[in-house]
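Here is the structure we will look at.
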Amino acid sequence: MTAAPAPHELEAIAAEVGRAAASAVRAAAADVTALDTKSSPTDVVTAADLAVETLIRDRLLAATPGAAIIGEEHPDTAGDTAFGWIVDPIDGTVNYLHGLPFVSVSIAATVEGHVVAGVVVDVHRDEVFGAAAGFGARRDGHPIRVACPPSLDRALVATGYAYDADVRAAQGQVLAGLIGRVADIRGFGSTALHLAWVACGRLDGFYQSHANRWDYAAGALIAEEAGASVRLPGEPSAMLLAAAPTVAEDLALAVS
């Protein structure tokens, strides 16, 4: 079995491929149409989603032959090595379709199923967030750290929503119980960007239920390596949470 590259080498590969993918997403932004839907009428797929995931898969396999790949849009690729990739070609497809500038490319590397490197590229701002396990987190190559608000009522928190209307209604109830306990709440429609922004201190916390692994695999590692307290969902309906250590416990209790 082929030995896995070191985490920082996998991060470098993901960054190179992520930049190319983000460029392709930007190039296609002038003419975006929905091709199909998945879990609900609002869960859309565009031609760019499919084409960009193909680009990412081809380049990752060229750089790491035999790797397994889990992606949002195409069937999983079985590998014959210890390492693999988790890919979201466009995190924020609804934003992309509506011309809203909150869209990202997310690529995470795994070794024996554990995420060891990750990159999130902000498509419209051309920022590259990256991390390798044990090597910290970066934005455009410069180290980043979480902010540390003194208390939950001083924290700017973000959340995301599911496509299923009944689930969104339940998420709204959680939001209603939280909004009076924090400085304010935002929702930009990209799980990966929310996590990257926690990592660099633009947000103090983020929570979301019903998130998919390809949405958070890279961003969760970036947030953790930047000093955030991260709780991964044990099952799809469970809560994903990333927050500054000073408010993480209180936020977790508030959204539980």
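Just so you know, all these numbers are worked out from the coordinates, no wet-lab data involved. The shown structure was predicted, so the numbers you read here are calculated from the model rather than taken from an experiment. Methodologically, a virtual Cβ is constructed for each residue, glycine included, from the backbone with ideal geometry; neighbour enumeration extends over all protein chains shown.
Values as computed for the structure displayed
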item: Relative contact order computed over the chain (Cα-Cα under 8 Å; 6+ residues apart), in percent; result: 18 percent
item: Region 172-178 - phi-based ³J(HN,Hα) in whole Hz, Karplus 6.51/-1.76/1.60, Gly and Pro as x; result: x, 5, 4, 4, 4, x, 9
item: Most mobile listed residue (ILE107, ILE222, ILE86) in the chain, GNM with C-alpha springs under 10 Å; result: ILE86
item: Cα gyration tensor, region 101-256 - rounded (a/c under 1.5), prolate or oblate; result: prolate
item: Degrees between helix 47-63 axis and first principal axis of the chain (Cα, 0 to 90, nearest 10); result: 60 degrees
item: Global geometry of region 145-234, whether rounded, prolate or oblate, following the gyration tensor of its Cα atoms and the 1.5 cut on a/c; result: oblate
item: Segment GLU9-ASP184, length gained on full extension (0.36 nm per residue, minus Cα span); result: 59.2 nm
item: Cα gyration tensor, region 76-140 - rounded (a/c under 1.5), prolate or oblate; result: oblate
item: R0 of 25 Å, Cβ-Cβ distance ALA20-ARG145: FRET efficiency to nearest 0.05; result: 0.35
item: Estimated FRET transfer efficiency (ARG168, ALA34; beta-carbon r; R0 22 Å; 0.05); result: 0.70
item: Mean residue ellipticity (222 nm) of the chain, computed from DSSP H runs ≥ 4 via -39,500 (n - 2.57), nearest 500; result: -11000 deg cm²/dmol
